[in-house]
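Step one of this worksheet: look at the structure below.
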Amino acid sequence: MRTRWRSAAVGAAAVGLVAGLVGPAGAAAVYGPDAAAHAPTMTAAAPTPTPAPTPTPTPASDGFAQLTPAVTRQLDDAIRKVLAEAKIPGVIVAVSAPGKGEYIRSFGVADKATGAPMTPNLNMRIGSVTKTFTVTALLELVDDGKVGLDDPIGKYVDGVPNGDRITLRELAGMRSGLFNYSADEDFYKALTSNPERPFTPQELLDYSFKHPVLFEPNAKFYYCNTNLILLGLVVEKVSGVPLGRFIEREVVAPAGLKHTVFPTGPEFPEPHAQGYTNQTASGKTENSTDWNPSWGWAAGAMISDLPDLRSWAKTLATGTLLTPATQAQRLDVVDAIPGAGYGLGIFNVQGWIGHNGSLPGYGSLVLYLPQARATLVVLLNTDIGYEGQEPSTLFGEAITKIVTPERVYTLPAQPPS
């Protein structure tokens with residue numbers, strides 16, 4: 001799960017392993033990019049005599065284009081182009097806005113071995129989108145008066161470097177200064193040498209805490225999976241309930257989600273797509289479908305599907321499960337990387353609010369544009385990047401250039417800290 005930030009929340013390529021964790025910017029997937037999966041072969045259609053040019057959509061007053069047949073064709077072409085150029089096996093896309101129409105499509109294959117097509121009903125690993133659920137769980141405890149955002153993490157977890165000064169707010173906002181465990185070489189070796197093995201939260205923290213802190217609390221932004229592991233432990237300690245159970249009971253169920261789960265091991269509900277990664281011991285592309293996501297835990301272990309994530313995008317951005325005051329704090333973003341700000345487990349890129357995710361074999365993008373009440377969800381079955389960009393970012397950029405040309409989703413890779 002490199003949270004690819006080097007990133008994942010906002011990022012594309014980030015520092016972490018598979019962060020599934022990708023973070024804000026188009027963070028790179030958990031381990032890294034570049035690669036390889038079969039995508040449909042693209043052939044140019046024979047030119048027709050004096051073709052009529054396709055009109056460029058004109059955004060409405062809310063900045064979102066009407067999803068006319070012409071715009072739908074543009075989206076089809078743009079998505080197929082990314083699929084072919086980046087050699088992505090398959091992708092599921094949903095774009096919609098009230099009064100503007102709905103676009104739901106799947107392209108490519110869900111299984112390279114059998115050629116089974118990608119379909120919109122598949123369960124997918126969502127990587128760092130998990131962070132949005134973990135932080136929501138924490139903020140619910142804030143609303144209940146059981147924790148304070150400005151409490152030091154040392155109040156809840158012993159042994160944290162600078163634990164008496166790093167606050168829960170700084171952990172959720174990726175400003176703690178702690179080292180990202182998924183960027184540790186020993187962790188990478190342990191994961192890639194035996195990707196089916198389970199990791200405990202304490203084991204993950206140990207990989208981080210053997211490194212010195214990178215900077216003073218709140219000095220700057222640094223996407224880091226370690227922060228979320230600590231917040232997951234806070235939720236468990238305060239609630240007295242395992243994190244996955246708490247999230248499913250207090251976040252997933254109240255949000256009305258039907259196919260979103262927090263696995264305790266490699267279990268993967270059917271039907272699901274096969275996932276492909278080159279973040280492997282050999283460096284070759286392998287099938288990572290059944291890798292154990294426990295190494296991502298509170299930062300990237302969850303599974304969901306397209307209908308649930310379309311619903312979650314709005315719930316997350318509008319704060320349905322939180323008080324207005326707490327949601328306002330969540331959305332109070334701080335500059336993270338060029339063009340993107342990060343709040344509390346959430347980012348804002350040119351007005352699109354949400355999160356991306358990446359872990360070995362899978363990528364996701366879950367966004368909401370309040371001005372148009374528009375939703376954009378992208379799910380794909382590889383984390384292998386292309387020309388330094390997170391796969392989900394490639395699709396997000398291509399799609400928003402068409403539907404919101406004045407608000408293009410683009411997340412440059414975050415430079416190493």
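Worth a mention:
- Qualifying residue in the range 222-237 (condition: over 17 Å from Thr130 (Cβ atoms) and in contact (Cβ under 8 Å) with a residue 60 or more places away in the chain): yes
- Summed over the range 305-325, the residues that are among the polar types (S, T, N, Q) and buried (at least 17 other Cβ atoms within 10 Å of the Cβ) give a count of 2.
This table checks each residue for (1) basic (Lys, Arg); (2) over 27 Å from Phe347 (Cα atoms); (3) touching a Leu at 6+ places or on another chain (Cβ under 9 Å); (4) at pLDDT below 95.
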{"position": "Pro117", "(1), (2), (3), (4)": "no, yes, no, no"}
{"position": "Gly127", "(1), (2), (3), (4)": "no, no, yes, no"}
{"position": "Thr134", "(1), (2), (3), (4)": "no, no, yes, no"}
{"position": "Leu139", "(1), (2), (3), (4)": "no, no, yes, no"}
{"position": "Gly148", "(1), (2), (3), (4)": "no, no, yes, no"}
{"position": "Arg175", "(1), (2), (3), (4)": "yes, no, no, no"}
{"position": "Glu185", "(1), (2), (3), (4)": "no, yes, no, no"}
{"position": "Lys189", "(1), (2), (3), (4)": "yes, yes, no, no"}
{"position": "Phe199", "(1), (2), (3), (4)": "no, yes, yes, no"}
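- When residues in the range 354-406 are screened for being at positive phi and modelled with pLDDT of 95 or more, 3 of them pass.
- Within the range 333-385, being within 19 Å of Val109 (Cβ to Cβ) and aliphatic (A, V, I, L, M) holds for Val378, Leu379, Leu380, Ile384.
- Within the range 202-225, restricting attention to residues that are of a type in the set (S, T, N, Q) and part of a helix (DSSP H, G or I), the residue that is surrounded by the most Cβ atoms within 10 Å (Cβ to Cβ) is Asn225.
- Looking across the range 326-337, the residues that are modelled with pLDDT under 95 and over 18 Å from the mean Cα position of the chain (by Cα) come down to Val334, Asp335.
- Of all residues making up the range 391-409, the number that are buried (at least 24 other Cβ atoms within 10 Å of the Cβ), part of a helix (DSSP H, G or I) and not polar (S, T, N, Q): 6
- Just one of the numbered conditions (1) buried (at least 24 other Cβ atoms within 10 Å of the Cβ); (2) farther than 30 Å from Ser96 by Cβ is not true of Leu228: (2).
- Scanning the range 256-268 for residues that are of a type outside the set (Ser, Thr, Tyr), surrounded by 14 or more Cβ atoms within 10 Å (Cβ to Cβ) and under 20 Å from Ser294 (Cβ atoms) turns up Val261, Phe262, Pro263, Pro266, Phe268.
The values are calculated or read from the model by the stated rules, or taken from the named source; none is laboratory data. Every value quoted in this text rests on a predicted model; they were computed, and no experiment measured them. All Cβ positions, glycine included, derive from the backbone under ideal geometry; neighbour counts span all protein chains shown.
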